[in-house]
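Peer 1: First the structure, which I've put down as structure tokens, then a few questions once you've had a look.
What follows draws every value from the coordinates through simple rules; no lab data is involved. Bear in mind the structure is a predicted one, so any value in this text is a computation, not a measurement. Note that we place each Cβ from the backbone using ideal geometry, even for glycine, and neighbour counts take in every protein chain shown.
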Amino acid sequence: MTEENQHYGVALENRTDIGFQIKFIREQKGLSQEQLGQMMGVSRSTISKIENGKFSFSVDYLLKLSAPLNFKVTLRTNNITPAD
């Protein structure tokens, strides 16, 4: 992970980067994996797997994580050129 990806508001390239950011935000909020899991209705081990990039989670999980951790999921385009 690049130093740039360690900050909010940057594009994350894979689930390991996303997991790192989720862990960072969770710790900043003072939540344990157990507490976050309870808030989401999943096990502590699922949270651990997400944070370590070992769980291929869906957009639904990402949105579920966004509420208790108070972050926004945003899609952006990268230099898309209109077709002729």
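Peer 1: Restricting attention to region 32-77, which residues are in contact (Cβ under 8 Å) with a residue 40 or more places away in the chain and either over 16 Å from Gly19 (Cβ atoms) or in contact with a strand residue (DSSP E or B) (Cβ under 8 Å, 6 or more places away or on another chain) (or both)?
Peer 2: In the first step, residues of region 32-77 are kept if they are in contact (Cβ under 8 Å) with a residue 40 or more places away in the chain; the result is 55-57, 62, 65, 69-71, 76.
Across region 32-77, the qualifying residues are Asn70, Arg76.
Peer 1: Here's another thing I want to ask about it. May I ask you to list the residues in region 46-84 that are of a type in the set (Lys, Arg) and over 11 Å from the mean Cα position of the chain (by Cα)?
Peer 2: Filtering region 46-84 for residues of a type in the set (Lys, Arg) gives 49, 54, 64, 72, 76.
Of everything in region 46-84, those that are of a type in the set (Lys, Arg) and over 11 Å from the mean Cα position of the chain (by Cα) turn out to be Lys49, Lys54, Arg76.
Peer 1: Looking only at region 9-66, count how many residues are within 22 Å of Thr77 (Cα to Cα) and assigned to a loop (DSSP other than H, G, I, E, B).
Peer 2: Residues flagged as within 22 Å of Thr77 (Cα to Cα) and assigned to a loop (DSSP other than H, G, I, E, B) within region 9-66 amount to 8.
Peer 1: Please specify each residue of region 18-73 satisfying the condition of being aliphatic (A, V, I, L, M) and surrounded by 16 or more Cβ atoms within 10 Å (Cβ to Cβ).
Peer 2: Of all residues in region 18-73, those aliphatic (A, V, I, L, M) come to 18, 22, 25, 31, 36, 39-40, 42, 47, 50, 59, 62-63, 65, 67, 69, 73.
Matches in region 18-73: Ile18, Ile22, Ile25, Leu31, Leu36, Met40, Val42, Ile47, Ile50, Leu65, Leu69.
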